[in-house]
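These notes are about the structure you will find just below.
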Amino acid sequence: MTLTRDFKETVNSRVQRDPAFATALLDEAISLFLNGEPETARLILRELVNATVGFEELAIETSKPSKSLHRMLSAKGNPTMDNLTSILNVLRQRLQVDIKVQAISWS
C-alpha cells in the first residue's frame, strides 16, 4: 500500500492542530533519552523542532549554528548535555509546558 501523505507533513500538521500531541512528543523524547534510547529520542526531537520552532529560529534562540543543531538531532548525533538542555528549554517555552521527571520503583 502506498502512503498518501509524507510522514513529516503528517507530524507537522498534527502538531499544528493538536498541542497535546506536541507535548506528548516532547514527553516521549525525554522518556526515551532517560531510558537509554537516545537515537529515537533525537529523531523525535528533530521532527518536533521542524514542526514548531524550526531550525533557523532554534539556532537564533540557542546561539548555535543551524547545521550543528541538525547534526545534533540526527540519528548519529551526539549533543552535549548543555546543548540538549538548550534545545529542550526552547521547545518547553514554545509549547508552554514545564518538564518534570519522576523516578518510579521497578517493583
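Report yes if Thr23 is polar (S, T, N, Q), in a helix (DSSP H, G or I) and more than 19 Å from Arg71 (Cβ to Cβ), otherwise no. So Thr23 passes the test. One residue alone among Val101, Val53 is aliphatic (A, V, I, L, M) and at pLDDT below 95, and that residue is Val101.
Answer with yes or no whether Gln16 is out of contact with any Gly (no Cβ under 7 Å at 6 or more places or on another chain), polar (S, T, N, Q) and assigned to a helix (DSSP H, G or I). It is true that Gln16 is out of contact with any Gly (no Cβ under 7 Å at 6 or more places or on another chain), polar (S, T, N, Q) and assigned to a helix (DSSP H, G or I). The number of residues in region 28-59 that are aliphatic (A, V, I, L, M) and either assigned to a loop (DSSP other than H, G, I, E, B) or surrounded by fewer than 14 Cβ atoms within 10 Å (Cβ to Cβ) (or both) comes to 2.
Considering region 63-77, and only residues there that are in contact with a Leu (Cβ under 7 Å, 6 or more places away or on another chain) and modelled with pLDDT of 95 or more, the residue that is farthest from Ala41 (Cα to Cα) turns out to be Leu69. Of all the criteria given as (1) over 9 Å from the mean Cα position of the chain (by Cα); (2) among the hydrophobic types (A, V, I, L, M, F, W, C); (3) farther than 19 Å from Lys8 by Cβ, the one not satisfied by Leu88 is (1). Scanning region 60-87 for residues that are part of a loop (DSSP other than H, G, I, E, B) and aliphatic (A, V, I, L, M), we see that the one that is surrounded by the most Cβ atoms within 10 Å (Cβ to Cβ) is Leu73.
The values are calculated or read from the model by the stated rules, or taken from the named source; none is laboratory data. Quick caveat: nothing in here was measured; it's all calculated off a predicted structure. Every residue, glycine among them, receives a Cβ derived from its backbone with ideal geometry; neighbour counts consider all protein chains shown.
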